[in-house]
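Undergrad: Could you have a look at this structure, given as structure tokens, before my questions?
The values are calculated or read from the model by the stated rules, or taken from the named source; none is laboratory data. From a predicted model like this one, the values you see are computed outputs, not experimental measurements. FYI the Cβ positions are ideal-geometry reconstructions off the backbone, even for glycines, and counts take in every protein chain you see.
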């Protein structure tokens, strides 16, 4: 079987089944076909995430989120013509179909054995005190706590590097010497690292005002205490395709009210719902930003990332996007989170 044949699915395939197929194939794409292999639509990771944001459940059929009018080409042309079209239209994949719309092949623009290096900068916030992890952080900054055989921060760097991102800026403060002595300029880890130093609490956005060399490309900002298997290439694509000035990664958070919730109309009882479960999207601590948003950050002041997003929304809310994280994600903020991370590590990151 050719690799692209493994991503052909029916319209009855569920969203969660499609997610598994997309992830396992590493092609980040699926084609929806009928029993004769005629193309009905296509599905990308972005289509699925937009469906999740709109409230569509994971057990719904994929036809609810698929693109029913994808760009296709007819069979019989020179391979160079296909590739030229893909570059011109900025397509990562192109279904090739017969006259009766049967899929003959699916072409992918970058079937390379290596990951091309990208110039986008990754800013990691690694200066926090980690007070909730005390006494573990008495002699070590939180990002240097080990999960598996390496510091959390090293795992973060390697995750970005796997997608071609090798330019890093560390915002350091608490026990900064430990971080700088371990990573130095990053060359030992195949990346380039620069440092900015917070002499006082600046917040996740305020620290960006300390960057001396002006950033010219979309860049990432991430808290240095997160473990995740997010695809940073998909995040960057999502940000750029939505023409976003700022994109916030969000995580679905579920909580249960431990009481019966009462619905009333003035003095009349209408309904009692016992211990209802609510779902909300919460900030996941990972962001992609257009360099132009740096002008909104005040100099030498505490300014958190939510403050920056609120400011951009107030100016023009169409410039701000959210990217739902459906992959493994864990914020290591407390002792029990750290213990969970150590237990998860072998099954998730190796």
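Undergrad: Quickly run through the stretch 202-256 and pick out the residues that are farther than 14 Å from residue 283 by Cβ, assigned to a strand (DSSP E or B) and under 14 Å from the mean Cα position of the chain (by Cα).
TA: The answer is 219, 220, 227.
Undergrad: Say we look at the stretch 113-136 and pick out the residues that are under 22 Å from residue 334 (Cα atoms) and either in contact with a strand residue (DSSP E or B) (Cβ under 7 Å, 6 or more places away or on another chain) or without any contact (Cβ under 8 Å) to a residue 12 or more places away in the chain (or both); which of these is surrounded by the fewest Cβ atoms within 10 Å (Cβ to Cβ)?
TA: Once the filter is applied, the top-ranked residue is 135.
Undergrad: Another question, if that's okay. Restricting attention to the stretch 282-291, does a residue exist that is in contact with a helix residue (DSSP H, G or I) (Cβ under 9 Å, 6 or more places away or on another chain), assigned to a strand (DSSP E or B), without any contact (Cβ under 8 Å) to a residue 60 or more places away in the chain and closer than 17 Å to residue 230 by Cβ? Explain how you work it out, then say what you get.
TA: Let us first name the residues in the stretch 282-291 that are in contact with a helix residue (DSSP H, G or I) (Cβ under 9 Å, 6 or more places away or on another chain), namely 283, 285-290.
Next cut, assigned to a strand (DSSP E or B) only: 283, 285-289.
Filter once more, keeping what is without any contact (Cβ under 8 Å) to a residue 60 or more places away in the chain: 283.
If we keep only those that are closer than 17 Å to residue 230 by Cβ too, we end up with 283.
Scanning the stretch 282-291, I find at least one residue that is in contact with a helix residue (DSSP H, G or I) (Cβ under 9 Å, 6 or more places away or on another chain), assigned to a strand (DSSP E or B), without any contact (Cβ under 8 Å) to a residue 60 or more places away in the chain and closer than 17 Å to residue 230 by Cβ, so the answer is yes.
Undergrad: So, in the stretch 66-82, how many residues would count as being modelled with pLDDT under 90 and surrounded by 15 or more Cβ atoms within 10 Å (Cβ to Cβ)?
TA: 1
Undergrad: While we're here: Test residue 63 against the stated conditions and say whether it is closer than 21 Å to residue 327 by Cα and either at pLDDT below 95 or in contact with a strand residue (DSSP E or B) (Cβ under 9 Å, 6 or more places away or on another chain) (or both).
TA: no
Undergrad: Residue 294 - would you say it is out of contact with any strand residue (DSSP E or B) (no Cβ under 6 Å at 6 or more places or on another chain), buried (at least 17 other Cβ atoms within 10 Å of the Cβ), assigned to a helix (DSSP H, G or I) and touching a residue at least 12 places away in the same chain (Cβ under 8 Å)? Before the answer, list the steps.
TA: Working: out of contact with any strand residue (DSSP E or B) (no Cβ under 6 Å at 6 or more places or on another chain): yes; buried (at least 17 other Cβ atoms within 10 Å of the Cβ): no; assigned to a helix (DSSP H, G or I): yes; touching a residue at least 12 places away in the same chain (Cβ under 8 Å): yes.
Here the answer is no, as residue 294 does not meet what is asked.
Undergrad: Now for a separate question. What residue, among those in the stretch 86-127 that are part of a loop (DSSP other than H, G, I, E, B) and in contact with a helix residue (DSSP H, G or I) (Cβ under 6 Å, 6 or more places away or on another chain), is modelled with the highest pLDDT?
TA: Among them, the one singled out is 126.
Undergrad: Can you pull out every residue in the stretch 1-57 that is over 21 Å from residue 230 (Cβ atoms), in a strand (DSSP E or B) and touching a residue at least 40 places away in the same chain (Cβ under 8 Å)?
TA: 8, 9, 14, 31, 33, 38, 39, 42 - these are the residues of the stretch 1-57 that are over 21 Å from residue 230 (Cβ atoms), in a strand (DSSP E or B) and touching a residue at least 40 places away in the same chain (Cβ under 8 Å).
Undergrad: Please find, within the stretch 152-171, the residue that is modelled with the lowest pLDDT out of those that are outside any helix (DSSP H, G or I) and crowded, with 17+ Cβ neighbours inside 10 Å.
TA: Among them, the one singled out is 163.
Undergrad: Would you check if residue 42 is over 27 Å from residue 236 (Cα atoms), at pLDDT 95 or above and surrounded by 14 or more Cβ atoms within 10 Å (Cβ to Cβ)?
TA: In short, no.
Undergrad: Being under 21 Å from the mean Cα position of the chain (by Cα) and more than 18 Å from residue 54 (Cα to Cα), is that true of even one residue in the stretch 270-280?
TA: no
Undergrad: When you look at residue 286, is it modelled with pLDDT of 90 or more, in contact with a strand residue (DSSP E or B) (Cβ under 8 Å, 6 or more places away or on another chain) and surrounded by fewer than 15 Cβ atoms within 10 Å (Cβ to Cβ), yes or no?
TA: no
Undergrad: Related question: Filter the stretch 172-184 for residues that are assigned to a helix (DSSP H, G or I) and touching a helix residue (DSSP H, G or I) at 6+ places or on another chain (Cβ under 9 Å) and give the result.
TA: The answer is 178, 179, 182, 183.
Undergrad: Is it fair to say residue 85 is touching a strand residue (DSSP E or B) at 6+ places or on another chain (Cβ under 9 Å) and either under 22 Å from residue 288 (Cβ atoms) or surrounded by fewer than 18 Cβ atoms within 10 Å (Cβ to Cβ) (or both)?
TA: Yes: the conditions hold for residue 85.
Undergrad: Considering 177, 194, 149, which residue is in the same structural domain as residue 342 (by TED's automatic domain parsing), modelled with pLDDT of 90 or more and exposed (fewer than 15 other Cβ atoms within 10 Å of the Cβ)? Break it down into steps so the answer makes sense when it comes.
TA: Numbers: 194 fails: exposed (fewer than 15 other Cβ atoms within 10 Å of the Cβ); 149 fails: modelled with pLDDT of 90 or more.
Checking each option against the conditions leaves just 177.
Undergrad: Right, something else. Of the residues 344, 319, 336, which single one is within 29 Å of residue 201 (Cα to Cα) and surrounded by 11 or more Cβ atoms within 10 Å (Cβ to Cβ)?
TA: 319
Undergrad: Continuing with the same structure: Please go through the stretch 65-80 and give me each residue that is in contact with a helix residue (DSSP H, G or I) (Cβ under 9 Å, 6 or more places away or on another chain) and within 11 Å of residue 32 (Cβ to Cβ), ordered by number.
TA: Across the stretch 65-80, the qualifying residues are 65, 66, 67.
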